Amino acid sequence: MRFGRARRSASGAVAVVALVCIVVSCSPTSSPSPASSPETAAAATTAAADEACADVAALRSSLEALTNVKPRQDGVTALNTAIADVKTNLDKAEASASEELQPSVQQVRMAFDDVQTSVSGLTADNLREKAPAIGAALTQLATATKALSTAVRESCPGN
């Protein structure tokens, strides 16, 4: 009789161990899911870096276009269009830029804010009197753009 009771106890213990193994193997923390695998995380990081580099490259391109606008020759509309394009690309770049690129993007933001201030209320009639301030702001923006270009070359190979 003792043998039968020991056998049932052993069978019960095996059943409990098997149940624990099943529960543990089905729990979400027992093994990484495909979405959290190192390969998937690396791919997501690479995709985010590629997007950030693309956003900053688009910003750099629109900044170069803006700094090439000559308000007296190209007119107020060309300047306002270029400013709107930079604003769109700057917002995207600020949102996605890596830690390495953020200082350069912030430098561009400050210089761009000066450009926006200098063109505030600009018309064809007051262009001549605002031209020196606009020119100075565009020069500062060109300097910030060069710094951004250097940072992009270092952080985003191929851009």
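The values are calculated or read from the model by the stated rules, or taken from the named source; none is laboratory data. Please read these numbers as outputs of a predicted model, since none were measured by experiment. Reconstructed Cβ throughout: ideal geometry from the backbone, glycine too, with neighbour counts over all protein chains shown.
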> Before we move on, is Arg128 farther than 13 Å from Pro71 by Cα and either of a type in the set (D, E, K, R) or in contact (Cβ under 8 Å) with a residue 60 or more places away in the chain (or both)?
Replying inline: no
> Looking at region 74-99, which of its residues are part of a helix (DSSP H, G or I) and either at pLDDT below 90 or of a type in the set (A, V, I, L, M) (or both)?
Replying inline: Val76, Ala78, Leu79, Ala82, Ile83, Ala84, Val86, Leu90, Ala93, Ala95
>> Kindly evaluate Thr139 against the criterion of being closer than 16 Å to Pro71 by Cα, surrounded by fewer than 18 Cβ atoms within 10 Å (Cβ to Cβ), at pLDDT 95 or above and not small (Gly, Ala, Ser).
In response: no
> Looking at region 61-73, which of its residues are under 12 Å from Ile134 (Cβ atoms) and surrounded by fewer than 17 Cβ atoms within 10 Å (Cβ to Cβ)?
Replying inline: Lys70, Arg72
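Filter region 100-136 down to residues that are in a helix (DSSP H, G or I) and hydroxyl-bearing (Ser, Thr, Tyr) and give me whichever is surrounded by the fewest Cβ atoms within 10 Å (Cβ to Cβ). Steps first, please.
Start the filter on region 100-136 by keeping residues that are in a helix (DSSP H, G or I), which leaves 102-119, 127-136.
Next cut, hydroxyl-bearing (Ser, Thr, Tyr) only: 104, 117-118.
Working: Ser104: 25, Thr117: 11, Ser118: 19.
Per the criteria, the residue is Thr117.
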>> So, Thr29, is that one among the hydroxyl-bearing types (Ser, Thr, Tyr) and either at pLDDT 55 or above or assigned to a helix (DSSP H, G or I) (or both) or not?
In response: no
